[in-house]
Amino acid sequence: MSGADGIFKIPELRKRILYTLFAIAIYRIGVHIPTPGVNSDALMAFFAKQQGTIFGWFNLFSGGALERFSVLALGIMPYISASIILQLLTVVSPQLSELQKEGESGQKKINQYTRYATVFLCLVQGYGIAMGLEQMSNPAAVLNPGWGFRLLTMGTLLCGTMFLMWIGEQITEFGIGNGASLVIFSGIASRIIPGFGNAWSLFKTGELSFLKLILLGAIIFGIFFFIIFMERGQRRIPIQYAKRVVGRKMYGGQSTHLPLKINISGVIPPIFASSLIMLPATITMMFHSPIIQQLNESLRQGVLHDVLFVALTVFFCFFYTAVTFKTDDVAENLRKHGAFIPGIRPGEKTVDFVDFVITRITVLGAAYLSLICIVPSILGNQMKIPFYIGGTSVLILVGVAMDTLSQIESHLLSRHYDTFMGNMRMRDRKGA
């Protein structure tokens with residue numbers, strides 16, 4: 001049975017895939033439903049100039065919903081941001097840390113707090129966007145500015161994000177993979193075809209040479225291949241289980257390994273780095289300050305932007321890895337299960353060794369993330385090669401695609417295992 005045949009011959013898997021596609025289709029339809037009280041033409045012209053601000057960044061991750069100012073303009077990013085914030089707070093908050101250790105009941109409470117934080121972020125971001133749009137002129141983006149428009153915008157964007165959050169949860173439960181990730185994936189993927197169309201238009205008008213067009217395709221292919229190679233890369237620490245004698249039988253003694261991904265922190269570091277760099281540009285839109293304006297111009301592109309972005313990415317790689325990967329817990333779990341690293345004593349020596357390995361692979365992971373995210377910027381600024389999606393977006397596309405394929409593969413393997421076991425039971429009954 002081939003992969004494609006297996007997918008469509010398994011009723012449950014086929015149902016999950018069709019449900020996922022249906023939910024994503026609803027999301028893409030919602031992108032085109034506008035929020036009342038805005039001038040759509042003015043917004044399209046406005047967002048064409050916002051590639052270096054948080055507005056332009058959100059517009060990419062919302063799949064173009066923000067430039068249309070649709071009811072789904074904020075996308076699912078407030079929920080993602082709230083989840084990351086709550087995850088980081090579990091380190092500094094004893095209450096949240098205890099909830100995390102309570103298992104399913106504690107996770108339900110953390111999810112509830114995440115929803116509350118999502119509501120707060122949506123209201124703040126909705127108010128900030130409404131204020132920014134009201135300040136636009138020539139032509140005006142808001143038809144009737146004032147508190148009526150602000151409250152309407154805040155409520156509409158809040159409802160849109162909560163609806164998307166619900167869609168993501170439904171995909172997670174009844175569809176394939178992580179629903180929130182697939183929503184972001186579909187939003188970014190929707191910009192790929194228009195991006196290639198724009199590049200082809202530049203080629204036909206002579207603004208983009210044939211050599212640069214071929215080079216663009218080769219670079220994109222190389223970036224995708226490199227990301228897949230690095231995301232699948234692991235540092236495997238050998239693990240040995242101690243032998244135990246129970247009665248007349250001996251247990252244990254097996255050898256295995258502890259797999260450590262090269263990129264433990266995922267796409268969180270470049271997202272945080274991009275947010276901090278883009279912040280002055282967004283503040284400039286709301287508060288006209290010459291100092292902030294000058295800082296914004298310096299950070300839009302160029303050497304300062306690239307150096308600062310790499311520095312922030314490296315910092316967040318180490319910070320997020322230290323927050324999410326607990327070497328003390330790894331050493332304790334190994335001790336409880338009677339396992340050890342050959343040549344390393346259990347306890348503090350194991351913690352030190354794992355810390356050393358994590359530090360080395362985090363250096364490699366930070367260099368990899370920085371390279372992937374900065375290459376499109378350098379090529380776009382220096383060689384004038386158009387990249388319509390950044391390195392962070394490519395990371396998300398490849399990562400989510402690989403996770404989704406893994407989910408489908410696990411369903412196929414589970415189906416084959418159940419079929420095999422069922423056939424074995426039938427043969428046993430016949431033999432009996």
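Details
- Meets criteria (among the aromatic types (Phe, Trp, Tyr), modelled with pLDDT of 75 or more and surrounded by fewer than 18 Cβ atoms within 10 Å (Cβ to Cβ)) for Phe221: yes
- Restricting the first member to segment 105-123 and to residues that are of a type in the set (Phe, Trp, Tyr), and the second to residues that are surrounded by 14 or more Cβ atoms within 10 Å (Cβ to Cβ), the beta-carbon pairs closer than 7 Å and six or more apart or on different chains are Tyr113/Leu86.
- Residues of segment 112-135 that are under 30 Å from Asp41 (Cβ atoms), small (Gly, Ala, Ser) and out of contact with any Lys or Arg (no Cβ under 6 Å at 6 or more places or on another chain): Gly126, Gly128, Gly132.
- Odd one out for Ile220, checked against (1) outside any helix (DSSP H, G or I); (2) outside the structural domain of Leu74 (by TED's automatic domain parsing): (1)
- Options Gln107, Gln112, Gln87: the member that is modelled with pLDDT of 75 or more, more than 30 Å from Leu397 (Cβ to Cβ) and surrounded by fewer than 18 Cβ atoms within 10 Å (Cβ to Cβ): Gln112
- Taking every residue in segment 3-29 that is more than 21 Å from Phe163 (Cβ to Cβ) and assigned by TED's automatic domain parsing to the domain that holds Ile408 and pairing it with any residue that is modelled with pLDDT of 90 or more and surrounded by 16 or more Cβ atoms within 10 Å (Cβ to Cβ), at least 6 positions away or on another chain, yields no pair with a Cβ-Cβ distance below 6 Å.
- Residue check: Tyr241 meets all listed conditions (1) among the aromatic types (Phe, Trp, Tyr); (2) in the same structural domain as Thr35 (by TED's automatic domain parsing); (3) over 30 Å from Phe309 (Cβ atoms) but one, namely (2).
- Within the span defined as segment 252-267, every residue fails to be assigned to a strand (DSSP E or B), at pLDDT below 75 and surrounded by fewer than 14 Cβ atoms within 10 Å (Cβ to Cβ).
- Check on Phe163, closer than 21 Å to Ile372 by Cα and assigned to a helix (DSSP H, G or I): no
- Test result for Ser201, outside the structural domain of Leu379 (by TED's automatic domain parsing), under 30 Å from Ile374 (Cβ atoms), under 26 Å from the mean Cα position of the chain (by Cα) and among the small types (Gly, Ala, Ser): no
- Enumeration of residues in segment 331-388 that are of a type in the set (S, T, N, Q), at pLDDT 85 or above, surrounded by 14 or more Cβ atoms within 10 Å (Cβ to Cβ) and within 27 Å of the chain's Cα centre (by Cα): Thr362, Ser370
- Flag if Met230 is on the phi < 0 side of the Ramachandran plot and within 19 Å of the chain's Cα centre (by Cα): yes
The values are calculated or read from the model by the stated rules, or taken from the named source; none is laboratory data. Only a predicted model underlies this, so the values are computations on that prediction, with no experimental measurement involved. Neighbour counts run over all protein chains shown; Cβ positions are idealised from the backbone, glycine included.
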